[in-house]
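The values are calculated or read from the model by the stated rules, or taken from the named source; none is laboratory data. Here the structure is a predicted model, which means the values were calculated and not measured. Here the Cβ is made from the backbone with ideal geometry for all residues, glycine too, and neighbour counts use every protein chain on show. SASA here: full protein model, heavy atoms, side chains in, ligands and nucleic acids out. Shrake-Rupley method; radii C 1.70, N 1.55, O 1.52, S 1.80 Å.
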Amino acid sequence: MTRPDAEPLWVDDEAGPVVRPYAMTRGRARPRNGFNVISLVTATRAAPPIDVGLVPEHARIIELCQRPLALAEVAAHLHLPLGTVRVLLDDLVARQLVQVSEPRPPATLPDDSVFEALIHGLREL
Amino acid sequence: MDYENSDREDRTILPTALKILIAGGFGVGKTTLVAAVSETQPLRTEEVLSERGVGVDDLTGVEAKSTTTVAMDFGRITFGEDLVLYLFGTPGQDRFWFLWDELALGALGAVVLADTRRLADCFPSIDYFEGQGLPFIVAVNCFDGARQYSLEEVQMALNLDPDVPVMLCDARKRESSKEVLITLLQHVMKGRGLTRKPETVGS
Ligand SMILES: Nc1nc2c(ncn2[C@@H]2O[C@H](COP(=O)(O)OP(=O)(O)OP(=O)(O)O)[C@@H](O)[C@H]2O)c(=O)[nH]1
Ligand SMILES: [Mg+2]
């Protein structure tokens, strides 16, 4: 599935080795949450507290999410798999260090005004 | 949910986050389209799947061999303060359906990119979205050297419901890619209430 020659230059691709995430989550493989990839993560504090239960990646998430950032973006910036970030978010949510806001329920659609705003916005791009 | 004693006020306005999937066969131009309309260069995220394809399960004695890393490209378009649209390129292999489910959950709809030289490559995507009841359109990417088929021919060849819009596009061009997204949004808007419940129920 990888075609090194076709790798687009603009994809930021410095992902670390795959083994690391497991150490970081101390072997916890399965997140308790099923946060959507577009769930918005917002830190509740300007800086992480001192907490022996936190690893540097937790702190990075708090720094990154001073403004709401989608789960997928957090994962991309940290070069970590989505599943690993979900596990880290479990820890942060449990400590009330971030809020995670899920998008609208999957079976619903936004109303017309949202579609119109999107279409208008795209035309203006 | 009950969050308290944060050391800053809750002044952050949460935007509404929405997503659209960009699907289609290998090398059909998914990442190119995402790049053409996104406000930043495409970002890449990964999911690690175990051999059984159920997420990062079963970690005891994990070896590099027992997992597969699937990469997804995505981009973002921010509209003002309160609306963010994410575009996710779906991973091109059928055995990653697990990941497709995750990406499709809550998506507004999908764009299936097609290359007329390899039309069959988009069958799996079309089957998937039809099965999920997720609205989609087909955008025929204009590759150099590809024979020009009429849109009706493509529609017939793909055995599409006549309501499904089929259009030409050039994923490298921003205007064309914008038009693709607008066509999808109009299609979703038109079909709302037919396949899925509108939001007004209950609240
Ligand atoms: N001529 C032409 N080339 C295109 C068009 N869209 C994409 N390409 C080229 O096709 C190649 C593959 O495009 P990608 O965007 O990487 O395709 P992809 O669907 O993301 O590929 P995978 O993720 O590997 O499945 C690139 O070299 C693009 O420049 C188009 O509309 N016309
Ligand atoms: Mg791609």
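Brief remarks follow.
- Residues located in the range B:105-116, provided they are touching a residue at least 40 places away in the same chain (Cβ under 8 Å) and in contact with a Pro (Cβ under 7 Å, 6 or more places away or on another chain): B:GLY106, B:GLY109
- Of the helices (runs of 4 or more DSSP H) contained entirely in the range A:47-125, those carrying at least 1 residues that are among the small types (Gly, Ala, Ser), in contact with a strand residue (DSSP E or B) (Cβ under 7 Å, 6 or more places away or on another chain) and open to solvent by 20 Å² or more (accessible area, probe 1.4 Å) fall at A:112-124.
- Qualifying residue in the range B:95-112 (condition: within 7 Å of another protein chain (Cβ to nearest Cβ) and within 16 Å of B:VAL28 (Cβ to Cβ)): no
- Within the range A:76-125, tally of residues that are under 16 Å from A:ALA43 (Cβ atoms) and within 7 Å of another protein chain (Cβ to nearest Cβ): 3
- Any chance B:LEU103 is open to solvent by less than 10 Å² (accessible area, probe 1.4 Å), within 16 Å of ligand 2 (Cβ to nearest atom) and assigned to a strand (DSSP E or B): no
- Test: residue in the range B:128-150 that is among the aliphatic types (A, V, I, L, M), more than 14 Å from the chain's Cα centre (by Cα) and crowded, with 21+ Cβ neighbours inside 10 Å: yes
Here is a yes/no grid of residues against (1) more than 7 Å from chain A (Cβ to nearest Cβ); (2) modelled with pLDDT of 65 or more:
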site	(1), (2)
B:ASN5	yes, no
B:THR16	no, yes
B:LYS19	no, yes
B:GLY25	yes, yes
B:VAL48	no, yes
B:VAL54	yes, no
B:GLU81	yes, yes
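- Residues (of a type in the set (A, V, I, L, M) and either touching a residue at least 24 places away in the same chain (Cβ under 8 Å) or assigned to a loop (DSSP other than H, G, I, E, B) (or both)) located in the range B:126-156: B:ILE126, B:LEU134, B:ILE137, B:VAL138, B:ALA139, B:VAL140, B:ALA146, B:VAL154
- The numbered conditions (1) without any contact (Cβ under 8 Å) to a residue 40 or more places away in the chain; (2) outside any helix (DSSP H, G or I); (3) within 15 Å of ligand 1 (Cβ to nearest atom) are all true for B:LEU119 except (2).
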